[in-house]
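Quick notes on the structure that follows.
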Amino acid sequence: SSGINAEYGAVWQTQINAFYGVIFPGQEEPAFSNYRLWESLGFLASYLIGNNVELSLFMYILVVWLAASFLGYIIIEILEYQRTGHFSIYFCNGGKTVSVEQNE
């Protein structure tokens with residue numbers, strides 16, 4: 001179980017770093033530092049809240065936060081599509097990375 005969790009964590013971390021590199025080209029350093037700041041504040045909030053509320057309320061808070069994060073991701077994808085004409089999502093096709101581009 002811990003090995004699987006470590007693999008998922010490694011994949012998640014890699015994908016987030018790649019996502020920030022695509023969304024903020026040329027500004028990777030401030031983007032990564034901003035990401036780390038908010039990640040640390042999230043860990044702090046989770047630590048402070050986790051001991052003071054019951055588990056069911058904590059789970060509701062996490063589900064609401066997850067939904068808000070997903071909505072933010074969709075907004076970023078829409079803005080990226082409007083700015084560049086393609087989404088920031090990249091797929092691996094036979095070892096070759098290709099982006100999802102607008103078909104016209």
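Numbers at a glance
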| quantity | calculated |
| --- | --- |
| Whichever residue in the range 6-37 is of a type in the set (F, W, Y), at pLDDT below 85 and open to solvent by less than 80 Å² (accessible area, probe 1.4 Å) and, among such residues, is farthest from V63 (Cα to Cα) | F24 |
| Residue pairs meeting the criteria (Cβ under 8 Å; at least 6 apart or on separate chains; first farther than 15 Å from I76 by Cα, in the range 1-30; second modelled with pLDDT under 85) | E28/Y20; E28/G21; P30/F24 |
| Close pairs from the range 66-79: first under 20 Å from G42 (Cβ atoms), partner part of a helix (DSSP H, G or I) and among the β-branched types (V, I, T), Cβ under 8 Å, at least 6 apart | I76/I23 |
| Search result, residues across the range 38-59 that are farther than 23 Å from N17 by Cβ and either of a type in the set (G, A, S) or surrounded by 12 or more Cβ atoms within 10 Å (Cβ to Cβ) (or both) | I49, G50, V53, S56, F58 |
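The values are calculated or read from the model by the stated rules, or taken from the named source; none is laboratory data. Bear in mind the structure is a predicted one, so any value in this text is a computation, not a measurement. Heads up, the Cβs are rebuilt from the backbone with ideal geometry, glycines too, and the neighbour counts pull from every protein chain shown. Accessible surface areas use protein heavy atoms only, side chains included; no ligands, DNA or RNA. Shrake-Rupley method; radii C 1.70, N 1.55, O 1.52, S 1.80 Å.
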